[in-house]
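The values are calculated or read from the model by the stated rules, or taken from the named source; none is laboratory data. What you see is a predicted model; the values in this text were computed from it and never measured. Every residue, glycine as well, gets a Cβ built from its backbone with ideal geometry; the counts of neighbours run over all protein chains shown. Heavy atoms of the whole protein, side chains included, go into the accessibility calculation; ligands, DNA and RNA do not. Shrake-Rupley method; radii C 1.70, N 1.55, O 1.52, S 1.80 Å.
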Amino acid sequence: MSIYVFDSSSLNILIKHYYEGRFPSLWTSVDRLVNKGEMISVREAQRELDFFFNRNPFIDRATITTKFFQLANQEELMLVRDIFSNKRFQDLVSRKNILRGTPVADPFLIAKAEFCSGIVVTQEESKPNGVKIPNVCKERKVICINLERFMERQNWIF
């Protein structure tokens, strides 16, 4: 069993493009994974979604509770601290995010996946010498895939 830790970018794709009325079997599959604890995210990703949507449709689902958007535990917070101890990775939180006060989930997602030996699911792409989720995951030996690859791994065909 793999645990998939979802970034708001991938959740955003699910929300905006896979309407429940058009893709009910996809959402049944999502519910099943959430209930089994195989599909999770972090509380900061929930805050990011709340920032982008007036009303976050993802958290209205019956299965989306603290089971999905999880708070970081002490060990994960230590991993976040360790991520930020690398000066290059301090750019995970941009000056724009700091000035605007917008939430940033990236270091928490990576720490959660590292802690539970999970797989990060994000739409971000690795950039040479960049500070994107895939770059940090690679350095920390955490598997990182996109939503399409996640669906392939689940053998989802709708």
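Structure summary
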quantity: Shape call, the stretch 1-53: gyration tensor on alpha carbons, a/c limit 1.5; calculated: oblate
quantity: Structure-based [θ]222 nm, the chain - -39500 (n - 2.57) summed over DSSP H runs of at least 4, per residue, nearest 500; calculated: -14000 deg cm²/dmol
quantity: Unpaired by the 4.7 Å Cβ criterion, cysteines found in the chain; calculated: 116
quantity: Nearest-ten-degree value, helix 74-85 long axis tilted from longest Cα axis of the chain; calculated: 50 degrees
quantity: Cross-link table 67/138; 112/132; 36/67; 36/138; 36/112, entries beyond 21 Å C-alpha to C-alpha; calculated: 67/138; 36/138
quantity: Cα gyration tensor shape for the chain, rounded if a/c is under 1.5, else prolate or oblate; calculated: prolate
quantity: Carbon and sulfur %, accessible surface of the chain computed with the full protein complex present, 1.4 Å; calculated: 49 percent
quantity: Rounded to 10°, Cα long-axis angle of helix 43-52 versus longest principal axis of the chain; calculated: 70 degrees
quantity: Solvent-accessible area per residue for the chain (1.4 angstrom probe, square angstrom); calculated: 57 Å²
quantity: For peptides 6-13, 81-88, sequence by mean Cβ density within 10 Å, most packed first; calculated: 6-13, 81-88
